[in-house]
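Undergrad: Shown below is the structure under consideration.
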Amino acid sequence: MATLFRLKKPGDKRAHTCDARCYNAKGHECKCFCSGANHGKGMSAAIDNCKAQMQNFINMGCQVGKGLAEAIKQAVADITGGQSGISNQ
């Protein structure tokens, strides 16, 4: 199961994830932090959405681990044939 984001706001006891349980969901109820943005959309569309929302997630106070960011960039590059669209900060 590929986790697109595993984020933890400062002070949270547990991390919030958006993974295959969300983007491959068949039902209508989303229980992850994306609030339905990736729900049932499939991995490719969810990755596109996460790329577009990454700065917003960071602005919310979430912490994105470097390893996860690299994994997302690699997954996007694999899907798009090498064009990740995500710059290093």
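Undergrad: Please find, among Ala52, Ala20, Ala37, Ala46, the residue that is loosely packed, with under 12 Cβ neighbours inside 10 Å, within 25 Å of Ala77 (Cβ to Cβ) and either of a type outside the set (S, T, N, Q) or in contact with a strand residue (DSSP E or B) (Cβ under 9 Å, 6 or more places away or on another chain) (or both).
TA: Ala52 is the lone residue from the list that is loosely packed, with under 12 Cβ neighbours inside 10 Å, within 25 Å of Ala77 (Cβ to Cβ) and either of a type outside the set (S, T, N, Q) or in contact with a strand residue (DSSP E or B) (Cβ under 9 Å, 6 or more places away or on another chain) (or both).
Undergrad: Next up: Within the stretch 1-17, how many residues are among the hydrophobic types (A, V, I, L, M, F, W, C), more than 19 Å from Ile79 (Cα to Cα) and assigned to a loop (DSSP other than H, G, I, E, B)?
TA: Total satisfying the criteria: 1.
Undergrad: Please find, within the stretch 1-17, the residue that is nearest to Ile47 (Cα to Cα) out of those that are among the aliphatic types (A, V, I, L, M) and surrounded by 13 or more Cβ atoms within 10 Å (Cβ to Cβ).
TA: Leu4
Undergrad: Could I ask something else about it? If you scan the stretch 18-42, which residues turn out to be in a strand (DSSP E or B) and within 17 Å of Ile58 (Cβ to Cβ)?
TA: Cys18 - this is the single residue of the stretch 18-42 that is in a strand (DSSP E or B) and within 17 Å of Ile58 (Cβ to Cβ).
Undergrad: Pairs needed: first member in the stretch 42-61, touching a residue at least 12 places away in the same chain (Cβ under 8 Å) and of a type in the set (Lys, Arg); second member anywhere, exposed (fewer than 13 other Cβ atoms within 10 Å of the Cβ) and not in a helix (DSSP H, G or I); C-beta distance under 8 Å; at least 6 residues apart or different chains.
TA: Lys51/Gly85
Quick note: the coordinates plus some simple rules give every number you see, no bench work behind them. Being a predicted model, the structure only gives us computed values, none of them experimental. With ideal geometry, Cβ positions are generated from the backbone for all residues, glycine too; neighbour counts draw on all protein chains shown.
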